[in-house]
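This report concerns only the one structure given below.
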Amino acid sequence: MFRFIIILYLFFIKQSIGEEVLFENFVNNPQEKWEFISDQVMGGVSDGKVEYFKENDISYARMTGIVSLENNGGFIQIRKKMDFSLSKEVKSIKIQVRGNNQEYYIHIRTSGTILPWQYYQAPFIATDKWKTQDIKLLEFKRSGIMLAKKINPKNIKSIAIVAYGKEHEAFIDVNNIIIY
């Protein structure tokens, strides 16, 4: 009986705490998994790059560049495709970032974001010190009314870190990205 109670307790604890899935820690060949994309793919003139560093046992990606609104542009981003399926129970994304005290975004693409300009977006501030941002999936806004109002985690196809929507100099470091 005692063993049964322990098993039940552990089952319910796991269900209430949830499971964390490491999406990226930038340790094992991130350059093979992440893609840099700018608005130049649609005629814009924003430009930038992504580089990978290790500092004090922290591996991270650094995205830098100039975001320009010329020629209907306005973004640079790094994006990684999802190489595993998520549980429908996923509720949040935790991301550790630092930067130049500017607003950046996480963009999520799903099996329902068919057109290149479709995504779900949530903002965060990258301060000059490492800080973990915890963004609930319910906080993501769809880019148009043709998309479902809520993200189904099982349908997530990629996650991107994006400098978007205003003319500015982008400088952001990204460490662990955890989905839970």
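Give me the percent relative contact order of the chain, please, defined on Cα pairs under 8 angstrom at least 6 residues apart.
Reported as a whole number, the value is 30 percent.
Return the single residue from MET146, MET82, MET63 with maximal mean-square fluctuation; model: Gaussian network over the chain, springs between Cα atoms under 10 Å.
Answer for the Gaussian network model of the chain: MET146.
Compute a Gaussian network model of the chain, connecting alpha carbons closer than 10 Å, and tell me which residue from TYR60, TYR120, TYR52 fluctuates the most.
TYR52
Output the 0 to 90 degree angle, nearest 10, between the alpha-carbon long axis of helix 2-17 and the longest principal axis computed from the alpha carbons of the chain.
Roughly 20 degrees, rounded to the nearest 10.
About its Cα centre, what dipole magnitude does the range 21-173 give when the only charges are +1 on Lys and Arg Cβ and -1 on Asp and Glu Cβ, stated in debye to the nearest 20?
My answer is approximately 840 debye.
Report the equivalent ellipsoid semi-axes for the range 21-179 in whole Å, largest first, defined as the square roots of five times the eigenvalues of the gyration tensor built from alpha carbon atoms.
Semi-axis lengths for the range 21-179 are 22, 21, 14 Å.
Quick one: Cα convex hull volume of the range 84-140, Å³ per residue?
So the per-residue Cα hull volume is 100 Å³.
A short reminder: the numbers here are calculations on the coordinates, not readings from a lab. What you are looking at is a predicted structure, and each value in this text was computed from that prediction instead of being measured. No Cβ is skipped: glycine too gets one built from the backbone with ideal geometry, and neighbour counts run over all protein chains shown.
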